[in-house]
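See below for the structure under consideration.
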Amino acid sequence: MKPLLIAIFIAMSASPALAQDDGGIEPLFSSDLLDFDADAGGNRGGRGQQGQQGQQAAPDRLVGLKNLLSKNNSPLTADQEKSLNALLDAELPALQSRVFQLVQGQRGQDGAAFFEQGQGDGQRRGNRGGGNRGGGFEGRGGRGGQRGNNNPLAAIMSNPDNPVAVELLRLNDEFIFTKVATAPALNPDQQNLIRNYHKDVVRARGIYNLEALKIVMEDVGAPLTPEQIPQIEALYAEHRQAKMQLTQGGAADPAKLTAQDQQTAVKLSSLLNAAQRKALLDQMRKAAQAKPQPAR
């Protein structure tokens, strides 16, 4: 099993099939939720500032969601839009507050050096059009990177191995799956479209994201057990920490990153049952097949 895992992993290393999509994922909601250019008080999200500026119209927060449903012949009605906007108004303050606490905690923990390094990363990713989006709310590092340079959240999300980035994505996923995809205002077809779309978003993060791994295993009828989840969480935390250490001070040696990923893949397989190991190998094979071949 170990040689097979390593052989497959070498072939799929850095494959876009299992990587977070940097440009192809449209966020479901356009919002200032993740905008930390504003102050830390009640005007987070920019709504207070917009009011002071006068007649500036509020953006359509549902634009991505409406696009998704319209493309699948299940458009929102006016009443549904009203209900979903009310849901956002009710749920966002608590979520926004939690996000702010996490960002401020990271800022205090790592200091200016982290954000200096992360903002550079955010700009490079932003110039490609993305940043580490969660697929739910539109981030602020992805539109040319300029705004991300003044936004501590963009610095955090530019590094998917950062524990705070992992928690922010988890909060985003929880909101989409437990609040939006179950909204009573939506019909069953619309709920399924949202749920399946966001599952695709999560899967794209790759096998070293716990939520993505959960979905992969659920898809084959071999879900992770309550006993396995904390073991894999600990393994992934160790994996992220090792990768962050390798990337401190600049770009890491690709060979060292590959070796670290190989070690984690082997350890992960030892925590899985036979059906789960097969699903893991199948996922890695798909990534290997999707990996672009070097030009000759």
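Only the coordinates and a few stated rules stand behind these numbers; no lab work does. Being a predicted model, the structure only gives us computed values, none of them experimental. Neighbour counts are summed over all protein chains in view; Cβ atoms, including those assigned to glycine, are modelled from backbone coordinates with ideal geometry.
Ranked for footprinting exposure by Cβ neighbours inside 10 Å, fewest first, MET217, MET157 give MET217, MET157.
Backbone phi angles across the stretch 167-173, fed through the Karplus curve with coefficients 6.51, -1.76 and 1.60 (θ = phi - 60°), yield HN-Hα couplings of 5, 5, 5, 5, 4, 4, 4 Hz in residue order; Gly and Pro are listed as x.
Looking only at the stretch 162-204, which residues have a backbone nitrogen under 13 Å from a spot 7 Å from the Cα of ALA259 in the C-beta direction? The answer is none, because no backbone nitrogen lies closer than 13 Å to the label point. Going from the residue with the fewest nearby Cβ atoms within 10 Å to the one with the most, PHE100, PHE29 rank PHE100, PHE29.
When each of the peptides 61-67, 90-96 is scored by how many other beta carbons lie within 10 Å of its residues on average, the order from highest to lowest is 61-67, 90-96. Sorting ASP161, ASP200 by the number of Cβ atoms found within 10 Å of their own Cβ, with the fewest placed first, yields ASP200, ASP161. List the residues of the stretch 265-280 whose backbone N lies under 20 Å from a point placed 7 Å from the Cα of ALA234 along the Cα-to-Cβ direction. 265-273, by backbone N distance to the label point. Annotation: extensible slack from ALA290 through GLN248 equals 12.2 nm (criterion: 0.36 nm per residue apart, minus Cα-Cα distance).
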